[in-house]
1. Return only the number of the condition from (1) modelled with pLDDT of 80 or more; (2) outside any strand (DSSP E or B); (3) of a type outside the set (Lys, Arg); (4) out of contact with any helix residue (DSSP H, G or I) (no Cβ under 9 Å at 6 or more places or on another chain) that residue 108 does not satisfy.
2. When you look at residue 50, is it of a type in the set (A, V, I, L, M, F, W, C) and within 21 Å of residue 142 (Cβ to Cβ), yes or no?
3. Are any residues in region 62-94 at pLDDT 85 or above and under 38 Å from the mean Cα position of the chain (by Cα), and if so, which ones?
4. Quick one: residue 56 ticks every box in (1) surrounded by 14 or more Cβ atoms within 10 Å (Cβ to Cβ); (2) free of Cβ contacts under 8 Å to residues at least 40 places away in the same chain; (3) farther than 24 Å from residue 139 by Cα bar one, so which box is it?
5. Taking the stated definitions as given, is residue 136 closer than 24 Å to residue 36 by Cα, modelled with pLDDT of 80 or more and of a type outside the set (Phe, Trp, Tyr)?
6. Restricting region 137-166 to residues that are farther than 19 Å from residue 45 by Cβ and aliphatic (A, V, I, L, M), which is surrounded by the fewest Cβ atoms within 10 Å (Cβ to Cβ)?
7. How many residues does region 89-114 contain that are of a type outside the set (D, E, K, R) and either touching an Asp or Glu at 6+ places or on another chain (Cβ under 6 Å) or surrounded by 13 or more Cβ atoms within 10 Å (Cβ to Cβ) (or both)?
Amino acid sequence: MIVKISPTKTNLFRTKRTLSLCKEGYRLLDEKRKILLMQISSLTQTIEKIKKDVEDSLASAYSAAERAIISMGKLNVERIISGIDIDIELDITERKLMGVNIPSISLGIKEKPPYFSPAGVNQAIDEAILFMKEAINNICVLAEKRTALERLEQEFMKTTKKVNALEKIHIPYYSEVVKFITDRLDEESREAFATLKEIKKKLASKGT
C-alpha cells in the first residue's frame with residue numbers, strides 16, 4: 001500500500017484519531033447489524049404466522065358464505081350482502097427503530113347494523129361477515145409487518161456495506177498510515193540520536 005502523507009507528529013495524531021473513530025464506528029455499526037438481523041429473523045417468523053392466520057380466516061369466511069348460498073340461494077345472499085353497510089378506515093403512523101421508519105397501521109371498522117332482518121337468514125351469513133372482518137384485520141397486520149421487514153432488510157444491506165468498507169478498506173488503510181508514520185518518526189529519531197552522538201564525539205575529541 002502506497003501511503004502519501006507527511007510523516008509528522010501532527011499527522012500521526014490526526015491519523016490515530018481517525019483510526020480510533022473508524023474502529024468505534026465499526027463496533028457500533030456491527031452491533032446495529034446484529035440487532036437488525038435479529039429483528040428481521042423475528043419478523044420473518046411473525047409474518048409466516050400471520051400469513052397462516054389470513055389464509056385460515058379467509059377460508060372460514062368462504063366456507064361460511066358457501067353454506068349460506070347452499071341454504072338460501074345465491075341471489076338471496078347477494079341481496080343481503082349488497083345491503084351491508086361497513087366503513088373501513090386506515091390510520092398509518094411511523095416509529096423509529098434503529099434509524100428505520102417502521103409503519104404502524106391502525107384499522108377502524110365502522111358498522112351500521114342491523115344489515116338485514118334476521119328472519120329467514122342463515123347463521124352462516126353472520127359467520128362469513130365475522131371471519132371476513134378478521135381476515136381484513138389480519139391482512140392489515142400482514143401489510144404492516146411486510147413493509148417493516150422490507151425496510152429493515154434495506155437498512156441491513158446499507159449497514160453491512162458500511163461495516164465491510166470500514167473493516168476491509170478504511171481501518172486497514174489508517175492502520176498502515178499509523179505504522180508508516182510511526183516507523184518513519186522512529187527512524188528519524190534514531191538518525192537524530194546517532195547524529196547527536198557523532199557530534200558529541202567530535203566535540204569531545206577536540207576538547208582533548
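1. (2)
2. So residue 50 passes the test.
3. The answer is 62, 91, 92, 93, 94.
4. Status for residue 56: all satisfied but (3).
5. Taking the combined requirement at face value, the residue does not satisfy it.
6. The qualifying residue surrounded by the fewest Cβ atoms within 10 Å (Cβ to Cβ) is 157.
7. 10
The values are calculated or read from the model by the stated rules, or taken from the named source; none is laboratory data. Keep in mind that this is a model prediction, so the values were computed, not measured. All Cβ positions, glycine included, derive from the backbone under ideal geometry; neighbour counts span all protein chains shown.
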